[in-house]
Amino acid sequence: MKIEASFILSAASASDLPRDGLAEIALVGRSNVGKSSVINALVRRRVARTSAAPGKTRLANVYRVTRGGGAPFYLLDLPGYGYARAPKGARDAAAARQASAAEFEAIVKAVFAREPAGLLLVDARHPGLDADRAAWGWIRGAAGQAAVVATKTDKLGRGERIRALRAFESVLETSVLPVSAVTGEGLEELWTLIDRLLSNSRRPHNRPSPPPLPKATVPPRRPKS
Ligand code: GDP
């Protein structure tokens, strides 16, 4: 199936975000969880920048994606949480961390105010992290539709992987889709999940009008005998 994907912009605040009313999926996860890699694997090309160094930018990266004959939608790649590092050379590290956390919160709030569907990415090797648990609680409340994806499953053996998925599902109380950007495992299922999230969470002005109600029908009279 043909996939088109392009990077649109990096948003620092609500006013930077697109205004054409396309459906949106927000991707959330800890820094280094593999968000950029999952985006690139999904669209089969390098639109998102990956890196081995955690604590990248505090901006939301917006990608426009079309798959097959489907309607275009936006993937909103939110900044990773969990590495509130002070910039190098910052004199007051605590203040810098606070400013960075505030910036993070501002962009995440701006994105979720648009009621996108939410996808939480968690690292398959680390079930039950407090930060992921908190993020899931929050996303579930803020997004109309939300789901969890476990990344980097290629790093786990069979037994470990079954145990990890069970642990996630019991902690987060939802099913978790295993994927690997390296082996391609789970990507087809992730597309199916994305299609489901998109079709269930169209924003009101995007929603197709409901089908007309059936006309009230009068049961046919029995012919008099
Ligand atoms: P982001 O910070 O969440 O965008 O994470 P990245 O996509 O930049 O990935 C962080 C690191 O994890 C990089 O070194 C990637 O090569 C690695 N990585 C990402 N996805 C996978 C995966 O599915 N399997 C493996 N083995 N490594 C991965």
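Things to note:
- Among residues of region 29-43 being over 11 Å from Val182 (Cα atoms) and not in a helix (DSSP H, G or I), the one that is farthest from the ligand (Cβ to nearest atom) is Arg30.
- Residue ID - surrounded by the most Cβ atoms within 10 Å (Cβ to Cβ), chosen from residues in region 91-117 that are modelled with pLDDT of 80 or more and outside any helix (DSSP H, G or I): Pro116
- Of the residues screened, Ala135 is not one that is within 23 Å of Val62 (Cβ to Cβ), of a type outside the set (Val, Ile, Thr) and in contact with a helix residue (DSSP H, G or I) (Cβ under 6 Å, 6 or more places away or on another chain).
- Condition met for Ser199 (away from the ligand (no atom under 16 Å from the Cβ), modelled with pLDDT of 85 or more and more than 20 Å from Leu121 (Cα to Cα)): yes
- Pro127 vs. criteria crowded, with 21+ Cβ neighbours inside 10 Å, over 16 Å from Val176 (Cβ atoms) and of a type outside the set (A, V, I, L, M): no
- Any hit, region 136-154, residues being surrounded by 15 or more Cβ atoms within 10 Å (Cβ to Cβ), in a helix (DSSP H, G or I) and in contact with a Lys or Arg (Cβ under 7 Å, 6 or more places away or on another chain): yes
- No other residue among Leu165, Leu177 is hydrophobic (A, V, I, L, M, F, W, C), within 16 Å of the ligand (Cβ to nearest atom), more than 18 Å from the chain's Cα centre (by Cα) and at pLDDT 95 or above apart from Leu165.
Quick grid of which residues meet (1) closer than 18 Å to Leu27 by Cβ; (2) in contact (Cβ under 8 Å) with a residue 24 or more places away in the chain:
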residue	(1), (2)
Gly128	no, yes
Ala134	yes, no
Gln145	yes, yes
Lys155	no, yes
Arg163	no, no
Ser170	no, no
Glu173	no, no
Pro178	yes, yes
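The values are calculated or read from the model by the stated rules, or taken from the named source; none is laboratory data. All figures in this text were calculated on a predicted structure; none of them were measured in a lab. Cβ coordinates were reconstructed from backbone atoms using ideal geometry, including for glycine residues, and neighbour counts include every protein chain displayed.
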